[in-house]
Amino acid sequence: MVRMKNNVILLSHGSGGRLTRQLIDGIFGAHFANPLLDARTDSSLVDCESGTVAFTTDSFVVQPRFFPGGDIGGLAVCGTVNDLAVSGARPLAMSAAFIIEEGFPMEELDRIAASMAAAAAEACVPIVTGDTKVVNRGMADGLFITTAGIGAVNPRHREIGTAAAVKPGDIIIINGSVGDHGMAILAGRNDLSFKAAVSSDCAPLSGLIQTVLARCDDAVTFMRDATRGGVGTILCELAEMCGRGVSIDEQQIPLRPAVRSMCDMFGFDPLFIANEGKVVMTVRKHAVDAVMAALTSHKYGREAAVIGTVDTTREGRVILETSIGGKRIVAVPAGDQLPRIC
């Protein structure tokens with residue numbers, strides 16, 4: 001066993017922050033090491049006789065299971081679809097496995113399955129296989145779902161998740177407002193009510209991403225969906241992977257007033273609040289207008305914004321230009337501000 005700083009698993013180990021990275025590198029990465037896993041991309045790219053296939057898997061334990069703007073079922077489908085899409089893959093098929101606690105309401109399970117079916121239909125990807133296990137009362141907190149997916153990869157896009165093609169001068173774009181999902185979970189979990197409704201951004205992004213890649217094929221140099229660790233974690237990973245500096249402008253980052261108010265109230269940094277329908281991408285400077293046009297033509301990209309650039313200053317670091325005119329280093333927190341948000 002690889003020696004870890006903590007001798008037990010903490011909730012923060014599942015947050016997407018530094019402790020998650022330590023867990024993956026120290027235990028799973030150490031024991032399962034191979035070139036595909038070591039790439040640490042959202043989907044592994046597996047070469048086979050018929051071409052390259054993207055393969056990904058994810059588990060969902062969100063609490064509450066139904067939240068403003070979505071539920072665990074739709075979330076499970078969208079999470080896997082998006083991991084395939086940001087890897088440059090066209091989703092082909094999915095699996096779904098359920099761990100259900102004895103006594104779980106049949107009507108609730110039916111609603112969740114219907115939500116999964118609707119999300120899968122929107123993403124044009126069938127759920128083709130699965131598994132069901134039932135455990136004793138008190139052993140599973142109701143329901144856990146695991147999904148996996150495969151997708152066909154265009155050879156031109158096989159490095160898009162690795163940041164290998166990112167260069168200084170590339171522009172950083174996001175397809176809409178940040179922090180919506182995390183704040184929707186917080187509101188649903190604590191039965192909070194605000195004057196302005198907060199709703200999850202949970203959505204399948206395969207159609208949006210395929211639209212961008214079809215119109216601006218070679219312009220996109222990197223993509224990653226900003227889920228548990230938020231946009232801040234993705235930007236820090238980008239800077240580390242490409243060995244460049246990343247500069248972002250706080251005033252250009254889309255943030256709904258209600259989400260801003262909730263973050264201010266609870267002391268959260270919206271950069272590290274979870275999203276479930278947001279993709280961060282880097283694009284060549286000359287193609288920014290074309291990429292923005294492609295994004296804003298799709299319903300999940302109408303609020304797209306340019307938020308920063310890749311440069312050669314402070315290589316491996318993310319620098320935020322604050323709304324009050326200062327600058328600060330953006331660093332990944334050890335844990336998550338909100339556990340069990342996906």
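Any read-out appearing in this document is the output of simple, stated calculations on the displayed coordinates, not a laboratory observation. It should be emphasised that the depicted structure is a prediction, and the values quoted were computed from it without experimental measurement. Quick reminder, even Gly has a Cβ in these numbers, built from the backbone with ideal geometry, and neighbours come from all protein chains shown.
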Which aspartates and glutamates have a Cα less than 17 Å from the Cα of Lys285, not counting those fewer than 8 places away in the same chain?
Asp170, Asp217, Asp218, Asp249, Asp311
Candidate aspartates and glutamates - alpha carbon under 18 Å from Lys299, same-chain residues fewer than 8 apart omitted:
Glu122, Asp180, Asp201, Asp225, Glu276, Asp289
Sort the range 1-117 into rounded, prolate or oblate with this rule: let a ≥ b ≥ c be the square roots of the eigenvalues of the Cα gyration tensor; rounded if a/c is under 1.5, and if a/c is not under 1.5, prolate when a/b is larger than b/c, oblate otherwise.
oblate
Whole-Å distance linking the alpha carbon centroid of the range 86-118 with that of the range 176-250 is 22
Cβ-derived FRET efficiency at R0 51 Å, Ala93 paired with Arg260, nearest 0.05
0.80
Gain on full stretching of the segment that runs from Val8 to Leu192 - 0.36 nm per residue minus C-alpha separation:
63.0 nm
So how much slack lies between Leu37 and Val134, counting 0.36 nm per residue of separation and subtracting their Cα-Cα distance, in nm?
31.9 nm
Long-range HN-HN contacts of Val62 with modeled amide H, under 5 Å
Cys342
Specify the inter-centroid distance of the range 121-149 and the range 253-321, based on alpha-carbon positions, in whole Å.
31
Just order 246-254, 273-281 by mean Cβ neighbour count inside 10 Å, highest at the front, would you?
273-281, 246-254
Pair Glu101, Ala113: separation of 7 Å Cα→Cβ label points (nm)
2.1
Which loop GluC sites (Glu not before Pro) in the range 280-342, with loop taken from DSSP, have no more than 15 other Cβ atoms within 10 angstrom of their Cβ?
Glu303, Glu315
Interchain or sequence-distant (5+) residues whose placed amide H lies within less than 5 Å of the amide H of Gly142 are Glu101
If packing is taken as the mean number of other Cβ atoms within 10 Å per residue, what is the order of 293-300, 94-101, highest first?
94-101, 293-300
Which peptide among 168-180, 25-37, 74-86 comes first, and what is the full order, when sorted by highest mean count of other Cβ atoms within 10 Å?
74-86, 168-180, 25-37
For the pair Ile324 and Thr57, what calculated FRET efficiency results from E = 1/(1 + (r/R0)^6), where r is the Cβ-Cβ distance and R0 = 35 Å, to the nearest 0.05?
0.25
Would you mind classifying the range 171-330 by shape? Square roots of the alpha carbon gyration tensor eigenvalues, ordered a ≥ b ≥ c; an a/c under 1.5 is rounded, otherwise it is prolate if a/b is larger than b/c and oblate if not.
oblate
How high is the FRET efficiency from Glu315 to Phe28, r the C-beta distance, R0 30 Å, rounded to 0.05?
0.60
